[in-house]
Amino acid sequence: MTMDDKNFMKKTIALAAKAKGRTSPNPMVGALIVKNGRVISADYHRQAGMPHAEALALKKAGKKAVGAVLYINLEPCCHTDKRTPPCTKAIINTGIKKVVIAMRDPNPKVNAGGIKELINAGIETEVGIMEEEAKRLNEAYIKFITKKEPFVILKAGQSIDGKIATSTGESKWITSEDARRHVHRLRSEMDAVLVGIGTVLKDNPLLTSRIKGGRDPQRIIVDSKLQIPLTAKLLKHKDGKTIIATTNNADKEKIRQLKNYGVQILKVKNKNRMVDLKALMKELGRLHIMSVLIEGGSSINASALSSGIVDKILFFVAPKIIGGVDSITSIGGRSPVSLKGSVKVKGLKARKIGENILLEGYLAHS
């Protein structure tokens with residue numbers, strides 16, 4: 001790997017990231033065509049069903065692509081079981097001399113097949129440059145395509161001492177406007193945002209992405225007993241993006257009323273009369289939901305962690321101390337009997353978001 005290779009791949013990954021939140025259930029892919037050390041063409045995949053990054057960049061380059069080097073952050077597709085033609089054929093037919101790939105595609109329909117096809121066609125192929133960065137970019141796609149379940153992020157906004165509300169339930173606003181803006185951007189990049197019924201009853205949220213050019217995610221409410229009031233703001237969207245997860249014991253008349261609001265009802269198997277979150281993730285995977293942001297309260301956060309569905313945590317810590325044994329912590333439920341039962345976080349990073357500290361890490365099981 002040369003410094004030029006690393007720099008060009010860095011630009012390729014940045015190109016791919018332009019489509020955050022737009023390509024699901026496809027991966028984010030960027031393509032850079034370089035000749036004599038100069039970029040002659042660049043593009044990225046914009047959304048599912050639209051041309052792939054390689055095809056767009058090759059079309060822009062035209063005949064200049066002959067003898068050039070193609071940089072892509074993900075192995076090119078080689079199968080026909082999709083809406084767009086395989087990219088390997090286009091690469092071979094346009095006379096590209098060399099292809100530099102950050103990572104293999106874990107999709108069983110590809111998984112080194114595209115690389116093999118390029119090599120068999122006599123194209124020099126190099127794999128693994130900035131592989132970790134490429135995997136982080138498409139971490140949701142990797143989990144979805146291999147396990148058929150969404151990548152789950154647990155987000156919490158808390159005080160230094162881990163509180164999300166006072167004993168009276170007051171929680172607006174613990175974190176700063178900068179942190180809230182960051183969360184709205186994150187919502188725009190996720191397929192769905194999930195809350196428990198407690199959050200709906202307490203805050204009556206809209207769960208929209210209130211940023212310029214943002215897109216609203218699907219909204220998932222975990223409501224085992226169908227307690228959601230018909231006056232809830234979430235029912236007023238009428239955009240078909242609201243899903244209520246409940247159990248087989250849910251009231252049939254309430255289900256009928258909710259369906260009249262355009263709400264999708266998911267009956268999920270129950271665990272101790274509550275929605276089984278692991279089962280729910282499998283249902284969401286079947287709906288091609290690739291990523292879920294949990295923005296719930298103390299109870300749903302605890303349930304999500306204990307059920308093992310969380311892949312990543314984002315904790316926004318505000319420079320405040322609330323105190324009190326009767327205030328509400330970010331993670332509720334019962335304490336483990338020993339520290340061996342605590343949830344392990346790996347790869348923990350910290351950065352400032354305005355006056356808040358964002359703690360970001362991955363659960364040890366993921």
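The values are calculated or read from the model by the stated rules, or taken from the named source; none is laboratory data. Note that the structure is predicted; figures quoted are calculated from it, not measured. So basically every Cβ, Gly included, is an ideal-geometry build from the backbone, and we count neighbours across all protein chains shown. These area figures cover heavy atoms from the full protein model, side chains too; ligands, DNA and RNA do not enter into them. Shrake-Rupley method; radii C 1.70, N 1.55, O 1.52, S 1.80 Å.
Please go through region 154-195 and pick out each residue that is in contact with a helix residue (DSSP H, G or I) (Cβ under 9 Å, 6 or more places away or on another chain), under 20 Å from ALA302 (Cα atoms) and open to solvent by 10 Å² or more (accessible area, probe 1.4 Å). Of everything in region 154-195, those that are in contact with a helix residue (DSSP H, G or I) (Cβ under 9 Å, 6 or more places away or on another chain), under 20 Å from ALA302 (Cα atoms) and open to solvent by 10 Å² or more (accessible area, probe 1.4 Å) turn out to be LYS155, GLY157, ILE164, GLY169, SER171. Evaluated against (1) at pLDDT below 90; (2) loosely packed, with under 15 Cβ neighbours inside 10 Å; (3) touching a strand residue (DSSP E or B) at 6+ places or on another chain (Cβ under 7 Å), ILE321 falls short on exactly one condition, (1).
Reported count of residues in region 196-227, each being closer than 19 Å to ILE244 by Cβ, free of Cβ contacts under 8 Å to residues at least 60 places away in the same chain and buried (at least 17 other Cβ atoms within 10 Å of the Cβ), is 8.
From the set of residues in region 117-140 that are closer than 21 Å to ASP5 by Cα and of a type in the set (D, E, K, R), which is surrounded by the fewest Cβ atoms within 10 Å (Cβ to Cβ)?
Taking region 117-140 first, the residues closer than 21 Å to ASP5 by Cα are 118-119, 122-138.
Subset that is of a type in the set (D, E, K, R): 124, 126, 131-133, 135-136.
On the way: GLU124: 12, GLU126: 15, GLU131: 15, GLU132: 10, GLU133: 16, LYS135: 16, ARG136: 13.
The residue in question is GLU132.
Need pairs with beta-carbon distance below 8 Å; first residue in contact (Cβ under 8 Å) with a residue 60 or more places away in the chain and within region 117-128, second in a helix (DSSP H, G or I); sequence gap 6+ or separate chains. Here the result reads GLU126/ASP5, each pair linking region 117-128 to a residue that is in a helix (DSSP H, G or I).
Looking at this structure, is THR208 among the hydroxyl-bearing types (Ser, Thr, Tyr) and closer than 14 Å to LYS259 by Cβ? Show your work before the answer.
Values: among the hydroxyl-bearing types (Ser, Thr, Tyr): yes; closer than 14 Å to LYS259 by Cβ: no.
For THR208, the condition - among the hydroxyl-bearing types (Ser, Thr, Tyr) and closer than 14 Å to LYS259 by Cβ - is not met.
Okay, residues lined up against (1) basic (Lys, Arg); (2) within 28 Å of LYS147 (Cβ to Cβ); (3) more than 27 Å from the chain's Cα centre (by Cα); (4) part of a strand (DSSP E or B):
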{"residue": "PRO27", "(1), (2), (3), (4)": "no, yes, no, no"}
{"residue": "LEU32", "(1), (2), (3), (4)": "no, no, no, yes"}
{"residue": "MET50", "(1), (2), (3), (4)": "no, yes, no, no"}
{"residue": "LEU56", "(1), (2), (3), (4)": "no, no, no, no"}
{"residue": "LYS60", "(1), (2), (3), (4)": "yes, no, yes, no"}
{"residue": "CYS77", "(1), (2), (3), (4)": "no, yes, no, no"}
{"residue": "ALA90", "(1), (2), (3), (4)": "no, no, yes, no"}
{"residue": "LYS109", "(1), (2), (3), (4)": "yes, yes, no, no"}
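Screening the candidates LEU194, LEU206, LEU226 for the property of being more than 14 Å from LEU280 (Cβ to Cβ), aliphatic (A, V, I, L, M) and modelled with pLDDT of 90 or more yields one hit, LEU226. Being outside any loop (DSSP other than H, G, I, E, B) and hydroxyl-bearing (Ser, Thr, Tyr) is a property that does not hold for THR23.
Looking across region 166-214, the residues that are of a type in the set (D, E, K, R) and in contact with a strand residue (DSSP E or B) (Cβ under 7 Å, 6 or more places away or on another chain) come down to ASP178, ARG187, ASP191. Against the numbered list (1) open to solvent by less than 40 Å² (accessible area, probe 1.4 Å); (2) assigned to a strand (DSSP E or B); (3) more than 30 Å from ILE313 (Cβ to Cβ), GLY67 comes up short only at (2).
Answer yes or no as to whether LYS282 is closer than 19 Å to ARG219 by Cα, surrounded by fewer than 19 Cβ atoms within 10 Å (Cβ to Cβ) and at pLDDT below 95. Answer is no for this residue. Tell me, which residue of region 41-64 that is in contact with a Lys or Arg (Cβ under 7 Å, 6 or more places away or on another chain) and over 24 Å from GLU133 (Cα atoms) is least open to solvent (accessible area, probe 1.4 Å)? My answer is GLY49.
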